[in-house]
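*Asks:* Before we start, here is the structure in question, set down as structure tokens.
The values are calculated or read from the model by the stated rules, or taken from the named source; none is laboratory data. This one's a predicted model, so the numbers in the text were calculated from it and none came from an experiment. Virtual Cβ from ideal backbone geometry, glycine too; neighbours counted across all protein chains shown.
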Amino acid sequence: MLRGGARAMIVSDFVVQADGLCKRYGDACVVDRLSLRIPRGQFCGILGPNGAGKTTTLRMMVGHTRPNAGTLRVLGYPVPGRAREMRAAVGIVSQQDSLDLELTVLENLQIYGRYFGLSAAEVKRRIPRLLQYAALQDKARQRIAQLSGGMKRRLSIARALINRPQLLILDEPTTGLDPHIRQNIWQLLRQLQQDGLTLILTTHYMDEAERLCDRIVLMDHGRILADDTPRALIERHIESHVLEVHGADVANWQATLPDTEGVRSEPLGDSHFYYGDQLQPLVASLDDWPQLRYVLRPANLEDVFLRLTGRDLRDV
Ligand SMILES: Nc1ncnc2c1ncn2[C@@H]1O[C@H](COP(=O)(O)OP(=O)(O)OP(=O)(O)O)[C@@H](O)[C@H]1O
Ligand SMILES: [Mg+2]
């Protein structure tokens, strides 16, 4: 059982301080000399393809996976050495829900609260707020097995707040959720940041990362490829606009284009992506090709992700 909570916290400017962190499984180095500092109050997104090492990194941060090399401090505590004390002040939403399916919503919250050494009375005091966060007030007595996937995700996030953490770590919290629930969760996470929490999130939704995160750490093959604000990443790595053209005739249309200087293009199956600051002439020329579908849009984080990590499909 964990005791002490926030009282036992060691003061530090950085909530996470990782230096040269390595994790190997057999011959594979899945986290490779990763160094990262996350200041208090930051909302940090860790992005990367399947198998990039995101979950392994988060698991090391919470002391669930032991690094093979490097040093790590979370909330000032050396990890894994003092991980139990550190976890008293951390909320964890893991990639897979870990709720007890046979118990009710209420019972899951009660048991989790007791795990942190909170008294039954204190847990009881904290539960209404958590149910409100999860919008599950009228499901309190239902068994988890009777909840939808979205309700379970919401409860997992609310449950992670029971110890009033200073750091909240969320591994793909919104995967598979409908747009309303995602919006609700975004609102909740923003509110938590305003309340002073530090948040670390992994997601495969680039729009989510772009909306929520102050900072994006893009990983691949266990290493950091880029680390900056979403806007700076887009400005640095991608032209201002993207034209996506889809259809079997793309190559024929492209052959008719006069001067495409300053436009970078990349094929993807029978689609083509054109990156540039002046794409209007290309758009105008599409008038004569009604069989081609196209989208003209500002560059976004997904373009950065695709550019820096390559477009190949990964074996996970
Ligand atoms: N317990 C384990 N034993 C062996 N290999 C593992 C173990 N856990 C993870 N791996 C491997 O480590 C690599 C990184 O996995 P990890 O789960 O950290 O990736 P991820 O970035 O979270 O991917 P995803 O986006 O699919 O969740 C993968 O190649 C994975 O197969
Ligand atoms: Mg993962």
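Conditions tested, residue by residue: (1) within 16 Å of ligand 1 (Cβ to nearest atom); (2) in a helix (DSSP H, G or I); (3) touching a residue at least 24 places away in the same chain (Cβ under 8 Å); (4) buried (at least 18 other Cβ atoms within 10 Å of the Cβ).
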{"position": "Ile162", "(1), (2), (3), (4)": "no, no, yes, yes"}
{"position": "Pro165", "(1), (2), (3), (4)": "no, no, yes, yes"}
{"position": "Gly176", "(1), (2), (3), (4)": "yes, no, yes, no"}
{"position": "Gln183", "(1), (2), (3), (4)": "no, yes, no, no"}
{"position": "Gln187", "(1), (2), (3), (4)": "no, yes, no, no"}
{"position": "Leu199", "(1), (2), (3), (4)": "no, no, yes, yes"}
{"position": "Leu233", "(1), (2), (3), (4)": "no, yes, yes, yes"}
{"position": "Val245", "(1), (2), (3), (4)": "no, no, yes, yes"}
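*Asks:* Taking only the stretch 34-76 into account, find how many residues are of a type in the set (Lys, Arg), within 15 Å of ligand 1 (Cβ to nearest atom) and either buried (at least 18 other Cβ atoms within 10 Å of the Cβ) or assigned to a strand (DSSP E or B) (or both).
*Replies:* Within the stretch 34-76, residues that are of a type in the set (Lys, Arg), within 15 Å of ligand 1 (Cβ to nearest atom) and either buried (at least 18 other Cβ atoms within 10 Å of the Cβ) or assigned to a strand (DSSP E or B) (or both) number 2.
*Asks:* Does Ala18 satisfy being more than 16 Å from ligand 2 (Cβ to nearest atom) and surrounded by fewer than 18 Cβ atoms within 10 Å (Cβ to Cβ)?
*Replies:* no
*Asks:* Out of (1) within 16 Å of ligand 2 (Cβ to nearest atom); (2) more than 27 Å from Pro49 (Cβ to Cβ), what's the single condition that is false for Asp171?
*Replies:* (2)
*Asks:* Can you say whether Leu130 is without any contact (Cβ under 8 Å) to a residue 40 or more places away in the chain and either more than 16 Å from ligand 2 (Cβ to nearest atom) or buried (at least 18 other Cβ atoms within 10 Å of the Cβ) (or both), as far as the supplied structure shows?
*Replies:* Yes, satisfied.
*Asks:* Here's something else I'd like to know. Find all pairs meeting these conditions: Cβ atoms under 8 angstrom apart; at least six residues apart or on different chains; first residue within the stretch 45-60 and at positive phi; second residue more than 9 Å from ligand 2 (Cβ to nearest atom) and in a loop (DSSP other than H, G, I, E, B).
*Replies:* Gly51/Arg314; Gly51/Asp315; Gly51/Val316; Gly53/His221; Gly53/Gly222
*Asks:* Next up: Of a type outside the set (Gly, Ala, Ser), free of Cβ contacts under 8 Å to residues at least 40 places away in the same chain, assigned to a strand (DSSP E or B) and under 30 Å from Trp289 (Cβ atoms), is that true of Pro267?
*Replies:* It is true that Pro267 is of a type outside the set (Gly, Ala, Ser), free of Cβ contacts under 8 Å to residues at least 40 places away in the same chain, assigned to a strand (DSSP E or B) and under 30 Å from Trp289 (Cβ atoms).
*Asks:* With respect to His180, determine if the residue is within 30 Å of Arg159 (Cβ to Cβ), assigned by TED's automatic domain parsing to the domain that holds Gly41 and modelled with pLDDT under 95.
*Replies:* yes
*Asks:* Go through Val79, Val93, Val105 for me and flag whichever is under 23 Å from Gln187 (Cα atoms) and away from ligand 2 (no atom under 16 Å from the Cβ).
*Replies:* Val105
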